[in-house]
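K.L.:
Got a structure for you, questions after.
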Amino acid sequence: MINITLPDGKVVRYAPGVTPMEVARDISEGLARNVISARFNNRKVESQTPLEEDGDLVLYTWQDDEGKKAFWHSSSHVLAQALEELYPGIKLTIGPAIDSGFYYDVDFMEHTISEKDFPAIEKRALEIARGKHDFVMREVSKADALAYYGNQGNEYKLELIENLQDGDITFCDHDTFTDLCRGGHIPNTGLIRAFKILNVAGAYWRGDENRPQLTRVYGISFPKQKDLTEYLELLEEAKKRDHRKLGKELELFTFSARVGQGLPLWLPKGAALRERLEQFLKKAQRKAGYEMVVSPHIGQKELYVTSGHYAKYGEDSFQPIHTPKEDEEFLLKPMNCPHHCEIYRARPFSYRELPKRYAEFGTVYRYEQSGELHGLTRVRGFTQDDAHIFCTPEQLDQEFKDVIDLSLYVLTSLGFDQFTAQVSVRDPETPEKYIGTAENWERAEAAIIGAAREKGLDFAIVPGEAAFYGPKLDFMVKDALGRQWQLGTIQVDYNLPERFDLTYKGSDNELHRPVMIHRAPFGSMERFVALLLEHTGGNFPLWLTPQQAIVLPVSEKHENYAQKVLKSLENHEIRALVDARSETVGRKIREAEIQKVPFMLIVGDQEMEEGTVSVRRHGGGDLGTLSVDAFSDLVSKEINSTLKSFKSEV
């Protein structure tokens, strides 16, 4: 008999060869009907995979992220079969599940594909799905796998197989279709009841722009048509909230081909928005004991060799800058942390002076592939709200918890109140990906997990997602459309202090090594603004919005009074403008609505006579006639209700 441990700790005994589906059926018929994939001893298995040893079993349904991945990965097989049937002679490459759906990269050879072909592909995919074909995994020798794809003339699959070990190669069969696959499928195609091709795009083979360009076909599928309908409605709303569209309409940022791809230019309103975000965080940081520092945009190559960044990210950096001096090379700064290590090294420290908390809004540069650039969310030059804390091991726990408090304050102040945490640790199977000793990694991972538990965070531990120099805690935030984003990162690092030989003098008068905490509540200012735009639909919190009010004189004779109102608003520290154009008030209101100005203050004969303003709320209709002082109080109360003091929060 073998012992199967379930997620709740219960141990059940079975004869070897029992399948996850049989275990599910013993728990309940309802669970068995909903199980679509499983994980056994931390590896993906099929619902019908025989289990031959003791181990931990997790069963997944559509409600689980792993279940969705299996569903969408299985759907990519169905897509591939439909494409092969409709476009004979094409060459398939890879077809993974992604966060929302799946894709398959295809060499279409002499064929072409466009949006007008989508209905035919969807129809054939659903016909295949309705056949309720089982997904069946089988082991294949390397020689047989090479022969199979060699006969097809598929050089892409052959390249993948060449990099695999004999005995570690599997095929997946369903209906008449076979694909090279590691596994992780739903029981059969019949669970797929809604199928949609979303779009096609170009993609280089293995992400290398020097390799052949393929066509990437994106799709999504669901167990119910209702789910697909809701998803497509969500997509339409997402298009309206696209930060690239809103950024242009609200005149926040732009891009220029002459300046270069992935290098945003911030317009006056966008620059003012960024400045307010920076001041908001700087104020909280001052209360938390941070000191601002400034580091250059470049550094000698040796700096990043010492830190390990060059070995890990050198290929993704801009090429070295060669100076007139022989063998002297500089890099555009890919990270701020090596510079902050050197700031710490500028003088000796005693344990009495720690922790030292250095903060900087530092711009960094990484050469992202052009095909991966996307508005402000994926750029080549971006500003991080970086800070690095150098503390004693005894101070680590409290410092980490204090950073959690600061991160939560930032997120909740900006309306991101639905979130979970992710603790990213090493992948024990690939130790070569990381620097530092196993002992230091264990200490750092234990510190993060302990702090997350003590703060009562809802968190999951994810192997393999750690930074190369240390584990981290990320906040996974849901936006207004239910999409999940990673915002705010905290990392514990024992390794860079060793690489840079950082020390402090302890109470025993001996030199000791500090621990380093990396943290960035915003992450990247560019990406944060993009997500904030899409989360709010451009309706920023009142304290943050570039223009809080606009004064609309009814006619030319009311302009002087409008200017007096503006002056009074400025005295109340309300950001406002006067729209004195020779347009109707109705048109001015419509344009102010498009610009998402929170308040429109209309002034005509009655308002001028009474010394008041007629207040209209963006998207909310008329609020009546108020004095400027009363309007100022209204604004003040709204800001104070959403923007609390960081000190009061902690």
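K.L.:
Where the second residue is part of a loop (DSSP other than H, G, I, E, B) and among the aliphatic types (A, V, I, L, M) and the first is assigned by TED's automatic domain parsing to the domain that holds Val613 and lies in the stretch 554-571, which pairs have Cβ atoms under 6 Å and are six or more apart or on separate chains?
P.N.:
Filtered contacts from the stretch 554-571: Glu559/Ala580.
K.L.:
Something else now. Before we move on, is Lys637 outside the structural domain of Tyr409 (by TED's automatic domain parsing), buried (at least 18 other Cβ atoms within 10 Å of the Cβ) and modelled with pLDDT under 95?
P.N.:
Spelling it out, it is not the case that Lys637 is outside the structural domain of Tyr409 (by TED's automatic domain parsing), buried (at least 18 other Cβ atoms within 10 Å of the Cβ) and modelled with pLDDT under 95.
K.L.:
Pro348 passes all but one of (1) surrounded by 20 or more Cβ atoms within 10 Å (Cβ to Cβ); (2) out of contact with any Pro (no Cβ under 9 Å at 6 or more places or on another chain); which number fails?
P.N.:
(1)
K.L.:
Among (1) surrounded by 20 or more Cβ atoms within 10 Å (Cβ to Cβ); (2) not in a loop (DSSP other than H, G, I, E, B), where does Phe416 come up short?
P.N.:
Going through the list (1) surrounded by 20 or more Cβ atoms within 10 Å (Cβ to Cβ); (2) not in a loop (DSSP other than H, G, I, E, B), Phe416 breaks only (2).
K.L.:
If I ask for residues that are surrounded by 11 or more Cβ atoms within 10 Å (Cβ to Cβ) and assigned to a loop (DSSP other than H, G, I, E, B), which ones from the stretch 152-165 would you list?
P.N.:
Start the filter on the stretch 152-165 by keeping residues that are surrounded by 11 or more Cβ atoms within 10 Å (Cβ to Cβ), which leaves 152, 154-161, 164.
Within the stretch 152-165, Asn154, Leu164 meet the criteria.
K.L.:
Would you confirm whether any residue within the stretch 230-237 is closer than 27 Å to Gln548 by Cβ and at pLDDT 95 or above?
P.N.:
Within the stretch 230-237, none of the residues are closer than 27 Å to Gln548 by Cβ and at pLDDT 95 or above.
K.L.:
Follow-up. Condition first: β-branched (Val, Ile, Thr), surrounded by fewer than 18 Cβ atoms within 10 Å (Cβ to Cβ) and either part of a strand (DSSP E or B) or in contact with a Ser or Thr (Cβ under 6 Å, 6 or more places away or on another chain) (or both). Can you find one or more residues in the stretch 103-124 that meet it?
P.N.:
no
K.L.:
When residues of the stretch 475-487 are filtered for being in a strand (DSSP E or B) and over 10 Å from the mean Cα position of the chain (by Cα), how many remain?
P.N.:
Within the stretch 475-487, the subset in a strand (DSSP E or B) is 475-478, 484-487.
Going one step further and asking which of them are over 10 Å from the mean Cα position of the chain (by Cα), we end up with 478.
Here the count works out to 1.
K.L.:
Within the stretch 328-350, identify whether any single residue is under 30 Å from Ser413 (Cα atoms) and polar (S, T, N, Q), and answer yes or no.
P.N.:
yes
K.L.:
Right, next: Is it fair to say Arg453 is surrounded by fewer than 21 Cβ atoms within 10 Å (Cβ to Cβ), part of a helix (DSSP H, G or I) and in contact (Cβ under 8 Å) with a residue 24 or more places away in the chain?
P.N.:
On the way: surrounded by fewer than 21 Cβ atoms within 10 Å (Cβ to Cβ): yes; part of a helix (DSSP H, G or I): yes; in contact (Cβ under 8 Å) with a residue 24 or more places away in the chain: no.
So Arg453 fails the test.
K.L.:
Scan the stretch 422-447 residue by residue and report those that are over 23 Å from Arg43 (Cβ atoms), touching a helix residue (DSSP H, G or I) at 6+ places or on another chain (Cβ under 7 Å) and at pLDDT 85 or above.
P.N.:
Passing the criteria: only Ala447.
K.L.:
Assess whether Leu51 counts as being of a type outside the set (Ser, Thr, Tyr), surrounded by 16 or more Cβ atoms within 10 Å (Cβ to Cβ), touching a Lys or Arg at 6+ places or on another chain (Cβ under 8 Å) and not assigned by TED's automatic domain parsing to the domain that holds Arg138. First the steps, then the outcome.
P.N.:
Details: of a type outside the set (Ser, Thr, Tyr): yes; surrounded by 16 or more Cβ atoms within 10 Å (Cβ to Cβ): yes; touching a Lys or Arg at 6+ places or on another chain (Cβ under 8 Å): no; not assigned by TED's automatic domain parsing to the domain that holds Arg138: yes.
Answer is no for this residue.
The values are calculated or read from the model by the stated rules, or taken from the named source; none is laboratory data. Fair warning: this is a prediction, and the values are worked out from it, not measured in the lab. Cβ coordinates were reconstructed from backbone atoms using ideal geometry, including for glycine residues, and neighbour counts include every protein chain displayed.
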